Amino acid sequence: MTSTDSPAAAPAATGPRTTVAMVTLGCARNEVDSEELAGRLEADGFLLVADPAEADTVVVNTCGFVEAAKKDSVDTLLQAADLKAQLKESGGRTQSVVAVGCLAERYGKDLADSLPEADAVLGFDDYPDIAARLRSIMAGEIHHAHTPQDRRKLLSISPVDRDASTVSVPGHALATSSTTGTSVGTDVGVGGPATGPRAVRRRLDGGPMAPLKLASGCDRRCSFCAIPSFRGSFVSRRPSDVLQEGRWLASQGVRELFLVSENSTSYGKDLGDLRLLETLLPELAAVDGVERVRVSYLQPAETRPGLVEAIAGTPGVAPYFDLSFQHASATVLRRMRRFGDPESFLDLLQRIRTLAPEAGVRANVIVGFPGETAADLETLCDFLVAARMDVTGVFGYSDEDGTEAASYDGKLDDDEVRARAEHVTGLVEELNSQRAEERIGETVDVLVESLEDGIVEGRAAHQGPEVDGSTTIDAPPPGVRVGDLLTATVVATDGVDLVAEATGVRR
C-alpha cells in the first residue's frame, strides 16, 4: 500500500541499484531501528531485498542483552560471512557483512577485533550516515569501529534538560532534505502535514501488527542490567511524532500498534508531563484503520493508577499489562536496585483485574540472583501462584559486563542457578496453562496474522506479539484474510495457546 503523504517517489534509476538485506535479531525495539535504517538506505538509493544471497551488503542488527542473545548475534554474523565467502567463490553478489545494533554499540572495536569475519562494526552514531558508511565499506575502505562509551553521559542528568537532537537515538529519526525528495521508495515516510517533519521508516514486515517506538533509553539503575549504558538516558518521542508515525503505519495496513520502549511508564517525564501516555492512548486508538493499541514494558513500581485506568478502560487499547516484576522477594529486589514486594505487586494486579477482569498480564523473573536464598525463591514461587499471570518468562541469572551485580558476593554456582530456573519454569508452565484454561468460554477478539494450509492463527487482546502464545480459529468463516479481526469464543487450550470458534468478523 502506498502512503499518500509519503515523499515523492525516486526518479527512474540510471543503473542497477546497490542491494542490501537487513537481518534483525532481538526485541521489537530493534525491529523499529532496522526499519529506520532501511528507510535511510532506500532514501539514499539502496534497494532492499529479503534474501541475503541476493544482496550486495548484509546488515545484521544485533542484540546485546544477555549471553544467549550475544551468541545468537555472533553466530548470525558468522553465517552471513560464510555465505559471503561461498558466493564469492561462485561469483555471487554479497560484498560485505556489517554489524549494527546493541551488540555492535556495546562492544565496538572489541567486537571488531574479535570478529574479523565482519567487514565492519557500526555504532549508533553511524546511523545518520548509514548509506555513506556502507558505500565506503563496499569500496574497500577500512572502517575504524568506535570505542564503547557510557551513552548516559551524552545527555543531561535532568530529564527536562535533555536535547536529544544532539545525539543519535535509534528509531527517533526525522527526515531531512537528504532523505526527502531524493531516492525515496513509496513505503518510506510517515503520514502528517506535507511541510512537517516525518519519521524515516521502511516496513520490512507486511503483517497487520507493527511496533511503534515511544521512547529509547532508560534512567533506572537496575544492578543486573547493562542496557542503559549502551542505549543511553531515557528520551521520549514527542506525541505528535508518535501519532504521525501511527497514522502512516495504519496507511500501510497495520491494525495493531505495539508501543515499545525500555520503560513505557516513564514516557513524557522529559517532556514535562509524566501523564502524556494517558492522553496519547485515546488519540492513537482513534487513528483510522487501527483496531488495537498495545503498551509494552511497564515498571510495576511506577505504574500509576491513571495509567492502569487508561490501559484497562480506553476503547481500542488492549487491556494488556507487561509488568517487569523480576522477582517478588523484597530483599532480592533491593539488591537488584528495584522496588516492591508480594503485597504491593498483588495489589497492583487486583486493581487491574477490578477494572478489566479479562486483562492479560505477562512478566519476566530472574532466578538465582546473587544472595537469593531458598526462602527468597519460595517467596517468588508463592507470588507466582497467587498472581495467576498469563505468561511468565524465566531467566537464570548470569553476570553482565559492567553491571553492579557482577561484583556482588553470594553468587550461586551455575548448576544451582540452572536447577532453580528449571524449577520455576516448570511451575509457571503449569500456572500459565491453568490461566489459559480459565479463559475457556471467554469471548475474544483475534487479530488474524497467518493463513496456512487452511489454519487461521492470530492473537487475542491478552496475547502480545511473539512471546505470549497465539489463538487458532476453529472452522474460520469463508473469505477470512490476514488483518481481519475475528470475534470468537475460546473452546480449548494447548499450554498458553488457545483454540476458538469464530462468531463474527470485522474488516
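The values are calculated or read from the model by the stated rules, or taken from the named source; none is laboratory data. The structure presented is a predicted model; accordingly, all values stated were derived computationally and were not measured. Every residue, glycine as well, gets a Cβ built from its backbone with ideal geometry; the counts of neighbours run over all protein chains shown. Please note that ligands, DNA and RNA were not included when accessible areas were found on the heavy atoms of the full protein model with its side chains. Shrake-Rupley method; radii C 1.70, N 1.55, O 1.52, S 1.80 Å.
Placing +1 on each Lys and Arg Cβ and -1 on each Asp and Glu Cβ, with no other charges, gives segment 216-353 a dipole about its Cα centre of roughly 460 debye.
Remark on residue 393: its backbone amide H falls under 5 Å from those of 363, 364, 365, a criterion applied only to residues 5 or more positions apart or on other chains, H modelled at 1.01 Å from N.
Number of Lys-Lys pairs in the chain with C-alpha atoms under 23 Å apart and a separation of 8 or more places or on different chains: 12.
The figure for residue 503 is an accessible area of roughly 100 square angstrom, using a 1.4 Å probe on the protein chains alone.
Subtracting the Cα-Cα distance of residue 414 and residue 506 from 0.36 nm times their residue separation leaves 28.1 nm of extension gain. Nonpolar atom fraction for the chain, defined as the carbon and sulfur part of the 1.4 Å probe accessible area, stands at 50 percent. Dividing the mean sequence gap of close Cα pairs (under 8 Å, 6+ apart) by how many residues segment 16-116 holds gives a relative contact order of 30 percent. Modelled spin-label separation between residue 388 and residue 221, with each label point placed 7 Å from Cα along the Cα-to-Cβ direction: 3.9 nm. For the Cα trace of segment 224-283, dividing Rg by the Kirkwood Rh returns an Rg/Rh value of 1.02.
What percent do you get for the relative contact order of the chain when only Cα pairs under 8 Å and 6+ apart count? Once normalised by length, the contact order is 11 percent. Using only side-chain charges placed at the Cβ, +1 for Lys and Arg and -1 for Asp and Glu, the dipole size of segment 367-507 relative to its Cα centre rounds to 860 debye. Accessible surface for segment 421-507, divided over its residues, is 47 Å² per residue with a 1.4 Å probe.
The listed residues 202, 17, once ranked by accessible area (1.4 Å probe) with the largest placed first, stand as 17, 202.
Here is how the number arises for the chain: DSSP H runs of 4 or more residues each give -39500 (n - 2.57), the sum is divided by the residue count, and the result at 222 nm is -10000 deg cm²/dmol. The candidate values were [x] 27.7; [y] 26.3; [z] 24.1; the one computed from these coordinates for mean projected area of the Cα convex hull in nm² carries the label [z]. With each label modelled as a point 7 angstrom along the Cα→C-beta vector, the residue 309-residue 273 pair spans 1.7 nm. Taking all Cα pairs closer than 8 Å and separated by 6 or more residues, the relative contact order of segment 363-507 comes to 21 percent. Accessible-area rank, largest first, for 133, 275: 275, 133, with all protein chains present and a 1.4 angstrom probe.
Computed extension gain for residue 474 through residue 489, at 0.36 nm per residue and net of the alpha carbon distance, reaches 4.4 nm. Within the assembled protein chains, the solvent-accessible surface assigned to residue 20 is about 0 Å², based on a 1.4 Å probe.
Counted as membrane-span-like here are DSSP H helices of the chain whose alpha-carbon atoms extend 15 Å or more along the helix's own axis and whose Kyte-Doolittle mean is 0.5 or above; these are 374-387.
Ranked from largest to smallest solvent-accessible area, with a 1.4 Å probe on the protein heavy atoms, 296, 344 come out as 344, 296. For residue 497 and residue 129, the difference between the fully extended length at 0.36 nm per residue and the C-alpha to C-alpha distance is 128.2 nm.
Here segment 385-412 is scanned for amide nitrogen atoms under 16 Å from the site 7 Å beyond the Cα of residue 153 along Cα-to-Cβ, giving 402-403.
Dipole magnitude for the chain: about 1640 debye, using +1 per Lys or Arg Cβ and -1 per Asp or Glu Cβ, origin at the Cα centre.
In the context of the full protein assembly, residue 408 retains an accessible surface of approximately 40 Å², using a probe radius of 1.4 Å and ignoring ligands and nucleic acids.
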